[in-house]
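Data block below; observations after.
The values are calculated or read from the model by the stated rules, or taken from the named source; none is laboratory data. All values derive from a computational prediction rather than experimental measurement. No Cβ is skipped: glycine too gets one built from the backbone with ideal geometry, and neighbour counts run over all protein chains shown. Protein only, heavy atoms only, side chains kept; ligands, DNA and RNA dropped before computing areas. Shrake-Rupley method; radii C 1.70, N 1.55, O 1.52, S 1.80 Å.
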Amino acid sequence: MFLTISTTGTLERPATDLGFLLHKHPDKAQSFSTSHGTAHVFYPEASAERCTAALLLEVDPVALVRRGKGKGRGGAPDAALAQYVNDRPYAASSLLAVALSTVFKSALRGVCAALPGRAEALLPLRIEVPALPARGGAQLVGKLFGPLGWSSVAVEPVPLDAQFPEWGDSRYVQLVLEGELRLADALRQLYVLLPVLDDAKHYWVAPDEVDKLLRAGEGWLAEHPEQKLITSRYLSRRWGLTRQAMERLELVRLAEADDLQVEDVDNAVDETSDTEERPVPLAEQRRDAVLTALRDAGASRVLDLGCGQGQLVQALLKDVRFTEIVGVDVSVRALTIAARRLKLDRLGERQAARVKLMQGSLTYTDKRLTGYDAAVLSEVIEHLDLPRLPALEYAVFGSARPHTVLVTTPNVEYNVRWETLPAGHVRHGDHRFEWTREEFGRWAEGVAERHGYTVRFVPVGPDDPEVGPPTQMAVFEMTSKEAKAA
């Protein structure tokens, strides 16, 4: 990935002041390690009249895959080769945005101790991005950068193949921005809008991304005509985060209109006496449903198969009736995060004896998993390719054979109720399938019949009369005959 920032100057105010503002000396070529490669900063030209700083990001595709986000664009589960052969090393994306914030951190904040006046002044800037993915085309690029004070926004589509013009244009453009802006403002715009135009992020969007967006969007996002699109895409269409950001941006807009501080506008409610009920997140409703089913089954020794980052294990650990809790996941990174969440290294001796985390694949039989009262597969089966389901079925129901098995999975019929989920898309990029209630019921009843279990179904979340609940849960109980044999 490649990006250049150029400015012009005079002998009195030389263009090489750009080096002070970026905190990178024009006479040096510097390299910086990032989590997915190496960023290089160098100056192709540096004189009093004109100075250009270049940022070159070399992405390591293998490192990208190892960190779990290399499955095609936006985590799409395409062929395995697509994890290594894609446009990530070449086209501007969230990878380049993160490199910008890492390498030019002080410049993004508008901090320059050597030339504080220049940091606040408008500079004649020219920014070039040779390969920019534009989901929405050149027109959208103009809509996003046009209202931000640039005198010229030149967008040139990149053809699929210059030798075959009849093939048309690719979804990539070459972008050139020219105008007089503060350097910090220009960098903040790029930090937000590069991943917005790419419409994908290489990392999980957590709640703190709202604060990052508002910091980078200070002074321009609240009044931007495409605010909703920018916010939604930047937050990877996570509806709850998008709504939170939009509400805070509206407060900023109202405060600026009345020349007030945001705190002076948002003072209508005393938070200490706020009794308004807030919606319970679906993930929390799912955990509550699982805990209720385990208590009803009288389980005390529980397996969390595909435990991920340990949220359910943490909830189980809080209830003393669960005397032995084992979290199993194939991902070492997920288990490491779970260990931090549970603070395993700081648990008392009695608590530590109740919980264990171990690596294992759910599609292979494992003698360590036999003899437990219950097993939970919460939002797990949809992450497997359909041909691998029989292997998981045998490993859990045929080999481990806990008395109770709980399986939760998305109800695809409910997807039409998610306003931000495009038609035909699954809820998560790594989902290999999502079943209707009928499909899930047919699979679960077949599993129960083949392995000596009964099964009943429990809705999780609001049970819509037309499309059912957002999550469906199957509760498998070993038949009395099989239980006696066991």
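Using the reciprocal of the averaged 1/r over all distinct C-alpha pairs, how large is the Kirkwood radius of region 300-363 in Å?
Here the Kirkwood hydrodynamic radius works out to 11.5 Å.
Would you kindly derive the ³J(HN,Hα) couplings of region 28-33 from the backbone phi angles with the Karplus curve 6.51 cos²θ - 1.76 cosθ + 1.60 (θ = phi - 60°), listing them in order in whole Hz, with x for Gly and Pro?
Once rounded to whole Hz, the list reads 10, 9, 10, 10, 9, 6.
Once the piece of chain linking PHE42 and GLU12 is laid out straight, how much longer is it, given 0.36 nm per residue of separation minus the C-alpha distance between them?
Here the segment from PHE42 to GLU12 would lengthen by 8.4 nm.
Extending each Cα 7 Å along its Cβ direction at LEU389 and ASP366, get the distance between those two points in nm, one decimal.
Each label point lies 7 Å from its Cα, and together they span 2.2 nm.
Averaged per residue, what accessible surface does the chain expose to a 1.4 Å probe, in Å²?
Computed with neighbouring chains in place, this is 50 Å² per residue.
Applying the Karplus parametrisation 6.51 cos²θ - 1.76 cosθ + 1.60 with θ = phi - 60° to the phi angles of region 351-366, what ³J(HN,Hα) value in whole Hz is obtained for each residue in order, glycine and proline being reported as x?
Computed from phi, the couplings for region 351-366 are 5, 4, 6, 8, 10, 8, 10, 8, 7, x, 9, 7, 9, 10, 5, 9 Hz.
Using a ≥ b ≥ c from the Cα gyration tensor of the chain (square roots of the eigenvalues), is it rounded, prolate or oblate, where a/c under 1.5 gives rounded and otherwise the larger of a/b and b/c decides, a/b for prolate?
Taking the square roots of the gyration eigenvalues as a ≥ b ≥ c, the chain is prolate.
Between THR323 and GLN139, what's the calculated FRET efficiency when r is the beta-carbon distance and R0 is 41 Å? Round to 0.05.
That gives a FRET efficiency of 0.10.
Would you please give the residues with an amide H less than 5 Å from that of ARG50, counting only those at least 5 places away or on a separate chain, with H modeled from the backbone geometry?
Those lying under 5 Å, H to H, from ARG50 are GLY9, ALA15.
In whole Å, largest first, what are the principal axis extents of the Cα atoms in region 328-486?
Between the extreme Cα coordinates on each principal axis of region 328-486 lie 49, 41, 29 Å.
Could you work out the helix-only [θ] at 222 nm for the chain, with each DSSP H run of four or more residues adding -39,500 (n - 2.57) and the total divided by the number of residues, to the nearest 500 deg cm²/dmol?
After summing the helix terms and dividing by residue count, I get -9500 deg cm²/dmol.
Residue by residue through region 187-198, what is 3J(HN,Hα) from phi via Karplus (6.51 cos²θ - 1.76 cosθ + 1.60, θ = phi - 60°)? Round to whole Hz and write x for glycine and proline.
3J(HN,Hα) across region 187-198, in whole Hz: 5, 5, 4, 5, 4, 7, 7, 4, x, 5, 5, 6.
Could you check the spin-label model distance between SER170 and VAL332? Points 7 Å from the Cα along Cα→Cβ, value in nm.
With each label placed 7 Å out from Cα toward Cβ, I get 3.5 nm.
When the label point is put 7 Å from the Cα of VAL416 along its Cα-to-beta-carbon vector, which residues of region 449-486 have a backbone N closer than 11 Å?
Hits in region 449-486 for VAL416 at 11 Å: 466-468.
Using a 1.4 Å probe on the protein heavy atoms, what percent of the accessible area of the chain belongs to carbon and sulfur?
Exposed carbon and sulfur together represent 51 percent of the surface.
Compute the length gained on full extension between LEU160 and GLU223: take 0.36 nm times their separation in residues and subtract their Cα-Cα distance, giving the result in nm to one decimal.
This chain segment gains 19.1 nm when fully extended.
What does the C-alpha gyration tensor say about the overall shape of region 88-151? Classify as rounded when a/c is under 1.5, otherwise prolate if a/b is larger than b/c, or oblate.
Verdict is oblate for region 88-151.
Which FRET efficiency value, to the nearest 0.05, do you get for LEU282 and GLU349 by plugging their Cβ-Cβ distance into 1/(1 + (r/R0)^6) with R0 = 22 Å?
Once rounded, the FRET efficiency stands at 0.05.
At 4 °C and 1.567 mPa s, grab the translational diffusion coefficient of region 101-203 from Stokes-Einstein with a Kirkwood Rh over Cα pairs, rounded to a whole number in µm² per second.
The diffusion coefficient I find is 87 µm²/s.
I need the calculated FRET efficiency for the pair ARG301 and ASP211, taking r as the beta carbon distance and R₀ as 45 Å, to the nearest 0.05.
That pair, ARG301 with ASP211, gives E of 0.60.
Tell me which residues come under 5 Å, amide H to amide H, from TYR453 once H is placed; ignore anything under 5 positions away on its chain.
Amide H to amide H, under 5 Å and 5 or more residues apart or across chains, TYR453 pairs with THR479.
Once amide H atoms are placed 1.01 Å from N in the peptide plane, what residues at a sequence separation of 5 or more from TRP435, or on another chain, have their amide H within under 5 Å of its amide H?
Hits under the 5 Å cutoff: VAL412.
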